[in-house]
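Comments concern the structure below.
Nothing in this text is a laboratory measurement; each read-out follows from the coordinates by a stated rule. Source: prediction; values computed, not measured. In this analysis, Cβ positions are derived from the backbone assuming ideal geometry, glycine residues included, and neighbour counts consider all displayed protein chains.
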Amino acid sequence: MDNKSQTLKNNIRKLRFEYGEISQQELANAVGVTRLTIHSVENNKFNPSVVLAIKISDYFNKKVEEVFYLSDDD
Amino acid sequence: MKKTINIIGKISIFLAFSSIGGLIYNMFFYERLRPLILGFKDITAVLESMQIPVALIFIFLFLFHALTVIYVFLQIVYFKREDFLRALAFFLSIISMLMVLGDFALLNDIGKEHAAGLDTSGEWPMLYASQILHFVFLIVIIILIFMTFKKIRRDRQEVVLKDEAVFINAQYIGILSGLLGIAFFGFLLLTAELWAVKKGIFMVSLISILPYLLIVAYWLIIKVREKRGPWYDEKQYIDISRASLFTMVTSLVIMTVVYVVQYFIQSLRFLEIMWFPFFFFLVLLLFSASTLFFSKRPSG
């Protein structure tokens, strides 16, 4: 296990457009949070809870690791 | 609701420009009255020629303010996005409406004190400060109305199941209420006697806090109606937790500094009477500002 710092990133923006160009508000309504929370998650400004990550992944019919992934910090 | 906002907007823009005329007339009235009263001269002639129009202007201004409170509130309900200008207009419409009543009360006081042969030089700056507030409010509401005409045409209404706009607007209004409360008490501390502070402390606190109470009451109604899980979502929980910690630490530090300063400087013993309102508005300001800051910044 290395000690390199990693950040949680995601493919939400890409998936939103692949799934009929749904808005952040529509996704927020579907998973029961505010639009600002989706906006912050999407822009890697906020790490979602496990529950929210699963809800978002379920919404897109994807596994969690297909939506969220760890990326090395520069 | 879109149609109602448009109609009230069109009526309000006409009334806003009429109100500017009314305020200018009132200022003219005050400027004719003030030198006579400060010089303990007879004011009957000025009153006879101007008091009826001034009274009608007061009624007109109060009704106009009441209409704008409804107008801005409808905007808060209709637009599901946060907007500082809207929050500012909501805050100012309530404060300015209360100050129309305040102007009337001040004029009554001035009249009574003049009849009793007392000095009224302390009341006039308050009356003029209130007129500046009315003008600022009118400028803000005119800008908001014109911006709303543009926005409402291209607005695409989205279903919002979990509100965030009122939450953020409440933080803006909390900041404004906190600042006004602290500014009011600073003003009282510098200009007023202890008896005047004691007399005005509850009214000043109520005026400052009322816009915040109203927006929080509306937020509570939304939350009860939502019937959808917890009142805050997970990011809001983290944001207000951080804001609470920041508020606790900062307010304790500030209150400690204030206590030490007033302990050594006897002339600054305002904490005896004002410590609680000062602490109250300080906490409101710090909590609202830090919640807003963390809402807009990366967290988690």
Item checked: Average other protein chain Cβ within 10 Å of Cβ, residues A:36-46 -> 5
Check: For chain B, modelled as a Gaussian network with Cα springs under 10 Å, which listed residue fluctuates most, B:Ala55, B:Ala16, B:Ala89?
Finding: B:Ala55
Note to self: Ranking request for peptides A:49-55, B:286-292, B:71-77: highest mean number of other beta-carbon atoms within 10 Å first, then the rest in descending order.
What the structure shows: B:286-292, B:71-77, A:49-55
Next item on the list: Choose one of B:Leu189, B:Asn6, B:Phe167: the residue whose Cα lies farthest towards the positive end of the charge dipole of the protein assembly as shown (beta-carbon charges +1 Lys, Arg; -1 Asp, Glu; about the Cα centre).
Entry: B:Asn6
Next item on the list: Identify all aspartates and glutamates with a Cα-Cα distance to B:Lys198 below 13 Å; exclude those on the same chain that are fewer than 8 residues away in sequence.
Entry: B:Glu272
Next item on the list: Report, in order of residue number, the helices in chain B meeting two criteria: a C-alpha extent of 27 Å or more along the helix axis, and a mean Kyte-Doolittle hydropathy of at least 1.0; treat each whole DSSP H run as one helix.
Entry: B:44-78, B:84-115, B:123-154, B:165-191, B:194-226, B:271-296
Next item on the list: Please get the size of the charge dipole for region B:1-108, origin at its Cα centre, with Cβ charges of +1 on Lys and Arg and -1 on Asp and Glu, quoted in debye to the nearest 20.
Entry: 500
Item checked: Per principal axis, descending, Cα span of chain B in whole Å -> 68, 59, 26
Next item on the list: Hey, could you grab the Kirkwood Rh for region B:174-300? Inverse mean 1/r over distinct alpha carbon pairs, Å, one decimal.
Entry: 16.3
Notebook entry, point to check: What's the center-to-center distance, using Cα atoms, between region B:102-176 and region A:49-74 in Å?
Noted result: 46
Check: For the protein assembly as shown, with only Lys/Arg (+1) and Asp/Glu (-1) charged at the beta-carbon, what is the dipole magnitude about the Cα centre, in debye rounded to 20?
Finding: 980
Check: Taking the Cα atoms of the protein assembly as shown, what is the range of coordinates along each of the three principal axes, in descending order and whole Å?
Finding: 88, 59, 37
Checklist line | Residue exposure sequence - B:Asp42, B:Asp109 - by fewest surrounding Cβ within 10 Å | finding: B:Asp42, B:Asp109
Next item on the list: State which entries of A:Lys4/A:Lys55; B:Lys162/B:Lys296; A:Lys14/B:Lys227; A:Lys9/B:Lys151; B:Lys2/B:Lys162 exceed 26 angstrom in Cα-Cα distance in the structure shown.
Entry: A:Lys4/A:Lys55; A:Lys14/B:Lys227; A:Lys9/B:Lys151
